[in-house]
Amino acid sequence: MGNLELGKTLSYVGGALSLISGIFILFPLVGFSGIFGYIEEILDFRVFVAIFIVLFVMMITGGIITIIGAAQVEKVDPDKAGTTVIIGSVVAGVNWISLIGGILLKQAKATSGIFAGQSYRQAASSDQNRSPARYCKNCGKPLEENERYCRICGTESTQW
């Protein structure tokens, strides 16, 4: 498993854990009301509730941002997706699992195809410098830049 897949997996797991933790943060407010009598003597109840609500919002928001970042991997540069995952991790209170996932996404390299070994940013800039693809008018297969005849059906290219 390469950095890209591992980073994506860790990001999803970290995001899900942030969401679950955020939900469990609310349990003391809802389910353990008997404890509040004791806590009320030590700390103003409103401050206690405010702290839990802020933690809840941070964990849920961070989890959502992290999962959005992990889902972006296929659509955008993994470097940008990694940045989104890291931001979500920090918002959630530094979720170490998703933080490591974001770092791995930022370091991901292309592992196959003509851009193997290049960063996705380098691959994208190399791809923009290539000439536009040509296709055979008979069978539709792509033609290389210097091909006069189609390798599949033998039809002569009119763009030569």
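Quick notes
- Taken together, the criteria place V73 among residues that are buried (at least 16 other Cβ atoms within 10 Å of the Cβ) and either at pLDDT 80 or above or hydrophobic (A, V, I, L, M, F, W, C) (or both).
- Scan the stretch 2-27 for residues that are charged (D, E, K, R) and exposed (fewer than 15 other Cβ atoms within 10 Å of the Cβ) and the total you get is 1.
- Put simply, of T61, T83 the only residue that is surrounded by fewer than 18 Cβ atoms within 10 Å (Cβ to Cβ), over 12 Å from the mean Cα position of the chain (by Cα) and either modelled with pLDDT under 85 or closer than 30 Å to N3 by Cα (or both) is T61.
The values are calculated or read from the model by the stated rules, or taken from the named source; none is laboratory data. What you are looking at is a predicted structure, and each value in this text was computed from that prediction instead of being measured. When we count neighbours, we look across all protein chains shown, and the Cβ atoms used for this are built from the backbone with ideal geometry, even at glycine.
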